[in-house]
C-alpha cells in the first residue's frame, strides 16, 4: 500500500531537515584564522522579535547571527569566538542577548554583522522560515594588533 503525503507535509519535512542540517553544520563551523597577535571585536547584541509580528504569543522564535570578514571572492569567513557557542538556529530566546568576543585579523578591513530573527510558518505551500526582524550591517574597522573594539547593537523592539 502506497502512502500519500501532502505537499505541505513534504515541504515541512524538507524545511525541518534543512534546519537540522544547518544546526549540525554550525557545530562544525570553520572559522577564519586571525593570524598572530589578533585583535578582538566584542559584539554586545540585544535582538527581539516584537510581539506584534508573531502569529500568537507563544510562537517559537529562532535566531541566526554572525560576524564575518568581507573578502573579494567566495563566502565571507566567520570570525572565531573566544568562547564556543552556536550561531545558527538558536531556539527559545526572545530577546536574544549576546556578549561575544571574536578574534579578528589586525588592519583596515570590512566586516559584516548579520542577525536574523525568524519563525517557522506552516501555511499550505508557503510553509517555511519567515524572517521577522533582521540586521545586515557592513562595518569598516582599523584594528591594531592586540586591541579590542566594542560594537553594541540593538535589533527589533518591544
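Going from the fewest other Cβ atoms within 10 Å to the most, the residues 73, 40 appear in the order 73, 40.
Multiplying the residue separation of residue 71 and residue 42 by 0.36 nm and subtracting their alpha-carbon distance yields 8.4 nm.
Based on alpha-carbon atoms, the Kirkwood radius and the radius of gyration of the stretch 18-158 give Rg/Rh equal to 1.00. Backbone N atoms of the stretch 83-109 closer than 11 Å to the 7 Å Cα→Cβ label point of residue 140 belong to residues 109.
Read-outs: derived from the displayed coordinates by stated rules, not from any lab. As the structure is a prediction and not an experimental result, all values here were calculated from the model. Every residue, glycine as well, gets a Cβ built from its backbone with ideal geometry; the counts of neighbours run over all protein chains shown.
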